[in-house]
Amino acid sequence: MSDNQREPYTHLRASIDDGTTRLDLSFYTPELAVTVFCVDQQRACLDISSREGQVSISSTGGGSVTEADIGLARELAHAAARYLSECERLYARRHMDLGFTRAEA
């Protein structure tokens, strides 16, 4: 593998600070499944998973959807759009720097 290509991986870190447990899960792989489903016609659930781990995001307390849940869903959608834009920009720049044309990529 070249210097610019790295193996995909998942990173999990657990810590306890002042009696509060914190879990950090980072996916460094394009091999993710992203699914959305509805539970009991009351709450939406967003799952992001790989072979190594899974993150689930759902409504407050696992109950019916609230205005705060809608606000979080909008924030997630905006962040995903920014992530897509940044990935496209960096990909295009890297290929321009390497002298590739779109047909060669």
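Read-outs throughout are calculated quantities, based only on the coordinates presented, and are distinct from any laboratory measurement. Bear in mind that the values here come from a model prediction, so they are computed numbers and not experimental data. So basically every Cβ, Gly included, is an ideal-geometry build from the backbone, and we count neighbours across all protein chains shown.
Would you mind computing, in nm to one decimal, how far apart the modelled labels at ASP47 and ASP97 are, each placed 7 Å from Cα along Cα→Cβ? In this crude spin-label approximation the distance works out to 3.7 nm. Other residues within the sphere of radius under 14 Å centred on the Cβ of SER15, judged by their own Cβ, net out at -1 (K and R +1, D and E -1).
Full extension of the segment from ALA81 to ASP24, taken as 0.36 nm per residue of separation minus the current Cα-Cα distance, would add 18.3 nm. For region 66-105, the Kirkwood hydrodynamic radius from C-alpha pairs, put into Stokes-Einstein at 20 °C and a viscosity of 1.002 mPa s, yields a diffusion coefficient of 179 µm² per second.
Taking trypsin sites (Lys or Arg not before Pro) in DSSP loop conformation with at most 12 other Cβ atoms inside 10 Å as exposed sites, the chain has its longest uninterrupted site-free stretch at 52-101.
Dipole check for the chain: with +1 at the C-beta of Lys and Arg, -1 at the C-beta of Asp and Glu, and the Cα centre as origin, the magnitude is about 260 Debye. Close amide H contacts of THR66 (hydrogens built in the peptide plane, cut-off under 5 Å, sequence separation of 5 or more or a different chain): THR60. In order along region 6-19, phi translates into HN-Hα couplings of 10, 6, x, 7, 10, 10, 10, 10, 10, 8, 10, 10, 6, x Hz, rounded to whole numbers, per the Karplus curve 6.51 cos²θ - 1.76 cosθ + 1.60 with θ = phi - 60° and x for Gly and Pro. Note that the chain, at 25 °C in a medium of 0.890 mPa s, gets a Stokes-Einstein diffusion coefficient of 144 µm²/s from its Kirkwood radius over C-alpha pairs.
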